[in-house]
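The values are calculated or read from the model by the stated rules, or taken from the named source; none is laboratory data. Owing to the predicted nature of the structure, the values given are computational and were not obtained by experimental measurement. Quick reminder, even Gly has a Cβ in these numbers, built from the backbone with ideal geometry, and neighbours come from all protein chains shown.
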Amino acid sequence: MSWDGYIDNIIARSKDVFGVCHVDKACIIGINGKLWTTAGNANAIKLKQDEAYHIANCFKAKDFSLFITCGVVAEGLKYFFLKEDDGKIVYAKLKNHGALTFQCSKTSIIIAHTDDGYQLGSTNKAVYGIAKYLESRSM
């Protein structure tokens, strides 16, 4: 089964009433840090394996102190941790590079990127929708 189709689904779900997509790239990793989506999709966030493990370990432990002190590294860029909600959602931002939204489901973490100038609310809604769908499917 290919998870890469979920990248396009996340992007499509971020579309606003004017037809503008607010997610420009996304990926899904397992709660164990394994990459579920591949770099084969042109709109994939291309995480390195160690970046995925670091992200997953923080979510698994529900301890985001490493994000607070060291930032959130994705695609070699260090995003500044903004906040976490309920141990399931994390927001990070990097000036001139946009923002990341992370949401944990039972077995995966959905990650979406919003470029500067686009609406994070639309991104958050898209990520939430996929996370809830995956939870309902017991993925």
Exercise for the section: Could you tell me whether any residue of the range 1-18 is modelled with pLDDT of 95 or more, under 17 Å from residue 120 (Cα atoms) and part of a strand (DSSP E or B)? Expected result: yes
Exercise for the section: Among the numbered conditions (1) touching a helix residue (DSSP H, G or I) at 6+ places or on another chain (Cβ under 7 Å); (2) of a type outside the set (Asp, Glu); (3) in contact (Cβ under 8 Å) with a residue 60 or more places away in the chain, tell me where residue 67 comes up short. Expected result: (3)
Practice task
Please work out which residue is surrounded by the most Cβ atoms within 10 Å (Cβ to Cβ), limiting yourself to the range 102-113 and to residues that are of a type in the set (A, V, I, L, M) and touching a helix residue (DSSP H, G or I) at 6+ places or on another chain (Cβ under 7 Å).
Solution key: 112
Completion exercise
Per the list (1) assigned to a loop (DSSP other than H, G, I, E, B); (2) within 15 Å of residue 130 (Cβ to Cβ); (3) modelled with pLDDT of 95 or more; (4) not β-branched (Val, Ile, Thr), residue check on residue 32 breaks on (2)
Practice task
Test residue 71 against the criterion of being touching a His at 6+ places or on another chain (Cβ under 6 Å) and either small (Gly, Ala, Ser) or modelled with pLDDT of 95 or more (or both), and give yes or no.
Solution key: no
Problem - Filter result (at pLDDT below 95 and more than 12 Å from the chain's Cα centre (by Cα)) within the range 97-115 - result: 106, 107
Handout entry: Filtered residues of the range 105-139 (kept if small (Gly, Ala, Ser) and either within 20 Å of residue 75 (Cβ to Cβ) or in a strand (DSSP E or B) (or both))
Key = 108, 112, 117, 126
Handout entry: Residue among 105, 122 that alone is in contact (Cβ under 8 Å) with a residue 12 or more places away in the chain, of a type in the set (S, T, N, Q), within 18 Å of residue 9 (Cβ to Cβ) and touching a Leu at 6+ places or on another chain (Cβ under 7 Å)
Key = 105
